Amino acid sequence: MAARAGIGWQGKHTNLVSREFGSWLFLGAILTDLDLPPDEPETDHCGQCRACLDACPTGAFPAPYRLDARRCISYLTIEHEGPIPRELRPAIGNRIYGCDDCLAVCPWNKFASIGREAKLAARADLEAPPLAELARLDDASFRSLFAGGPIKRAGRARFIRNVMIAIGNSNNPALAGLSVERLDDESPLVRGAAIWALAQLLSREELSRLASKRLDKEGDAAVIEEWRDALTAPLGQ
């Protein structure tokens, strides 16, 4: 609809692109019975560029103008309710809520300007927050920290799942203790992600010792599968 209204065109990353604002757009709508003259639709100005397609960490674009949401980090970290597929976890890196890589590399962003809407400005306390602090958020502190913002909609379990994956990708064994703490989390989703994180940070012997103490006490089938996969997969996978 925005493209038909002349605001921009649908880029190869499937989002709207504007010659004036680049890829950084929030779209709104006004419902009215006024008889307004229509604007001409915008034409496609992507040309031969494929920067957005090549930038995707998980290869979520099977073709230009087509997105496979099952591989999209924004979908996986925000909307997807279950465990994130094992083969995609390393590519997620330290992204714990969404991904804008395909938008960020668009050459049309050179015409964009900083927005003046205060409600859209980044919060200083959420600029690169330490993973250690995020990993220890319980439900009450999660709701308090993200009150009034979009992150709260994902829910605490999905968010901590993402934090565990970021810790697993950190290559920092000093963070392993945080994942050990989350093995007692009430959410099976979090416990499963914590197991994967530990498999990336600990030796096979250390992981086996943890499993021997916890595997028999685990009652969730998905978490048990995470333990078994972690113990049989090649190190670092």
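Condition check ((1) within 21 Å of the chain's Cα centre (by Cα); (2) open to solvent by 80 Å² or more (accessible area, probe 1.4 Å)) across all residues:
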residue	(1), (2)
ARG4	no, yes
LYS12	yes, no
LEU25	yes, no
GLY28	no, no
ASP33	no, yes
GLN48	no, yes
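Can you tell which of GLU186, GLU218, GLU226 is charged (D, E, K, R) and open to solvent by 50 Å² or more (accessible area, probe 1.4 Å)?
When all the criteria are applied, what remains is GLU186.
For the stretch 27-126, give me every one of the helices (runs of 4 or more DSSP H) that falls completely inside it and has 1 or more residues that are free of Cβ contacts under 8 Å to residues at least 60 places away in the same chain, touching an Asp or Glu at 6+ places or on another chain (Cβ under 9 Å) and charged (D, E, K, R).
Passing ranges: none, list empty.
Which of the residues that make up the stretch 185-201 are free of Cβ contacts under 8 Å to residues at least 60 places away in the same chain and either touching a Pro at 6+ places or on another chain (Cβ under 7 Å) or on the phi > 0 side of the Ramachandran plot (or both)?
LEU201
Name the helices (runs of 4 or more DSSP H) wholly within the stretch 185-237 that hold at least 1 residues that are under 21 Å from the mean Cα position of the chain (by Cα)?
Counting at least 1 such residues, we get 188-201, 221-232.
State the number of residues belonging to the stretch 131-145 that are touching a residue at least 12 places away in the same chain (Cβ under 8 Å) and either charged (D, E, K, R) or not in a helix (DSSP H, G or I) (or both).
So the count comes out to 5.
Among the residues of the stretch 207-237, what is the count of those that are touching a residue at least 24 places away in the same chain (Cβ under 8 Å) and of a type in the set (Lys, Arg)?
So the answer is 1.
Okay, residues lined up against (1) in contact with a Pro (Cβ under 7 Å, 6 or more places away or on another chain); (2) under 20 Å from TRP9 (Cβ atoms); (3) open to solvent by 30 Å² or more (accessible area, probe 1.4 Å):
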residue	(1), (2), (3)
TYR65	no, yes, yes
ILE73	yes, no, no
GLU81	no, no, yes
ARG86	no, no, yes
ASN94	no, no, yes
ALA104	no, yes, yes
ARG116	no, no, yes
ALA122	no, no, yes
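Mind checking which residues of the stretch 161-184 are touching a Leu at 6+ places or on another chain (Cβ under 7 Å), among the aliphatic types (A, V, I, L, M), free of Cβ contacts under 8 Å to residues at least 60 places away in the same chain and closer than 23 Å to GLU79 by Cα?
The answer is ILE167, and nothing else.
The values are calculated or read from the model by the stated rules, or taken from the named source; none is laboratory data. All of these numbers come straight from a predicted model, not from anything done at the bench. Every residue, glycine as well, gets a Cβ built from its backbone with ideal geometry; the counts of neighbours run over all protein chains shown. Heads up: the accessible areas ignore ligands, DNA and RNA and are worked out on the full protein's heavy atoms, side chains in. Shrake-Rupley method; radii C 1.70, N 1.55, O 1.52, S 1.80 Å.
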